[in-house]
Amino acid sequence: MTQASEVATRQRHKRIPSWMYTWTSSIRYKWMLLLFLFSLTPLLALGFISYSISKSTINNKVTEYSEQLLKQTAENIDTRLGIYKDMMMQVVNNNDIVTMLRTLDRADPAQYDLDSLSLTTKLSTIIAINQDIQSISFLSPQHFIKGIYRWNDRSLDKVSPFLQTLKDGSNFRWFSTRLGTYVDSLNTQNVHVFSLAKQIYKMSDDSPVGIIAVLDIREDVLKEIGARTTKSNMDIESFVIDGSGHIISYPDSRVLGKSVKEVLGEDGYTEMFRSTTDESVFPLRYQGERLIVNYKKLHTNDWIVVNVISEASLYKDSNRLLQIILVIAFMCILFSILTAFLLANSISKPILKMIRLMRQVMSGDLTVRFKAKRRNDEFDILGENFNYMVTRIDGLLETVYEEQNHKRVAELKALQAQINPHFLYNTLDIIKWTALLQKANHAAEMVSLLSRLLRISLGKGEETVTIEEEIEHVQCYLGIQKFRFNFNIETFVHLDEEVRTYRTPKLILQPIVENAILHAFTDRETGEIHIRCGIHPEGGIRFEVVDNGRGMDASLVQSLNRHEVPSVDKVSGIGLANVDERIKLICGKLYGLDIQSELGAGTHIRIRLPEMK
């Protein structure tokens, strides 16, 4: 790792919290986290599914159970209210009682409060078998006639609602719960009662006598029925309301006679009375508590029996199951952490040991070796491969060291060999001056051209020369060829000034020009060769060598472009292929030769090179 990359890594780590970096960088903690998740996830999923199923099952069972209890409570109350109606009929159909009442009602209206020992005795005999009855009284527009117990408050305000029963004909009328105060010669009693009233008729002609019988029944009766029916481990609250929403019976006597809004809120009241069905169930949230409300209307009157279940009580068993699951999950977490730690250590320790050995190798110590525990697992195989790699690296370094020694020897020999070209240049220079002294001007010029050609060809041992030097090299070659063959081939060089100093692989033009001289003008005494060099339109450098010689057929051009050496002209084919291959080796696969030619129309060879300085 380079210094710059190390700095960038440290800066990146500074932006990550230390605990997060530890968990994301250490394979030990990654394994621990992975094993922990794999062991805990199924447990949590199973616990969640079990809890959901049990909660749903309990909800369905308890709702069904609550509906059954509600139905049973309503039936029991209907039965009890029916008994009270039967008892009322025993009173109003008793001829002796009716006769006594008619006689008493004829008394002076100024005497409002009336009673009769005979009447009380007669009534006591009828209602003695039912302890639910608190009192029975008789009302007419003129009198209050005591039956059993006398009302403490017998004012017109208290009596007038009961007198409305006179308008109901023979129907029964039920009255909501009130706190009644009853007095006699011995004591005074305060009791919550609800009442049943009915008009009394003559037995002879079934005509009304203008008297109302009022049966006061203890509210505790309904409370006991609800408590007895809903007696269970669940928190089910049962109560009764009338058709206008006032509470008839409730476990807490303080709310008797008040609106059901006191115990169910506005939402509960609205939900209950907007329904047109005789029974229903709905969820309710009241004062931060989630409730399930069941209600059913009675057959006897318009009263409604209501059961309220608290979801906290409903899901008590489910919550206990959840607590058990959480305890088991906590124990499994501890076990998973311990197991994951041990397993992660068994995996990370060999890796950490391998890292320490690699750091020693990085510091240059190639004598370290991994000692396997003979478990024949992946770490032993990794250790064996590590040992082989270190041994191999040690051998390769030794080989490289020997090759470097050989390279230094070769460089020394190359330096010594540089003496020979200098000796050749000096010898050619002496020959040139000797030829000039002896008036052999052509020989002197040929020697000069050859000397310049060799100087550029050999150069300084580099693979590239400037474009200007490459042009000079091909011009020297053409000069020598003119003296050699005495041909009349005109050569034109077009070199853009901006590319003179760019570099090019050396000796790429001479084989192409030589190919043109040897093959393009074999049957002609004159001809032209144009050499151009400039910037390529698509980027880079472009050489063009164009002649007006005899050209080549299409099959030969295709063979040369595919770098296939034709058997008919193997020497020239090898030369062009050699140029193209050297260009690709030095510059890349995108560069090289493109040959276009047509018989009788000459040859056009393009060379594309990158910009090299």
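The values are calculated or read from the model by the stated rules, or taken from the named source; none is laboratory data. Values in this document were obtained by computation on a predicted structure and should not be read as measured data. Backbone-built Cβ (ideal geometry, glycine too); neighbour counts: all protein chains shown. Side chains are part of the model used for accessible areas, which takes the heavy atoms of the whole protein and leaves out ligands, DNA and RNA. Shrake-Rupley method; radii C 1.70, N 1.55, O 1.52, S 1.80 Å.
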Of all DSSP beta bridges having both residues in the range 481-541, the percent classed as antiparallel (nearest 5) is 10
Here the gain from full extension of residue 68 to residue 253, 0.36 nm per residue of separation minus their alpha-carbon distance, amounts to 64.0 nm
Once the in-chain neighbours fewer than 8 apart are removed, the aspartates and glutamates whose Cα is under 18 Å from residue 71 read 224, 235, 237, 242, 278, 279, 302
Each label sits 7 Å from Cα toward the beta-carbon; between residue 118 and residue 368 the label points are separated, in nm, by 12.6
By the Cα gyration tensor axes a ≥ b ≥ c (a/c under 1.5 gives rounded; else a/b larger than b/c gives prolate, otherwise oblate), the shape of the range 167-323 is prolate
Ordering 355-365, 250-260 by per-residue average of other C-beta atoms within 10 angstrom, highest first, gives 250-260, 355-365
Residues of the range 586-613 with backbone N under 18 Å of the label point set 7 Å from the Cα of residue 492 along Cα→Cβ are 601-606
Expressed in nanometres to one decimal, the distance between label points 7 Å along Cα→Cβ at residue 41 and residue 338 is 2.5
As straight-line cross-link partners of residue 584, the qualifying aspartates and glutamates (C-alpha separation under 15 Å, not fewer than 8 residues apart within one chain) are 463, 594, 611
The simple spin-label model distance between residue 111 and residue 393, using points 7 Å out along Cα→Cβ, in nm, is 13.0
In nanometres, the difference between 0.36 nm per residue of separation and the alpha-carbon distance of residue 310 and residue 61 is 88.2 nm
The range 151-224 and the range 508-557 have their Cα centres apart by a whole-number Å value of 135
With the 1.4 Å probe rolled over protein heavy atoms, the range 156-314 has an accessible area per residue in Å² of 48
Cβ-Cβ cut-off under 15 Å around residue 388, Lys and Arg +1, Asp and Glu -1: the net charge is 0
For the table 146/297; 223/258; 167/223; 202/297, the rows whose alpha-carbon distance is greater than 24 Å are 146/297; 167/223; 202/297
Charge tally for neighbours of residue 550 with beta carbon under 11 Å away, counting Lys, Arg as +1 and Asp, Glu as -1, is -3
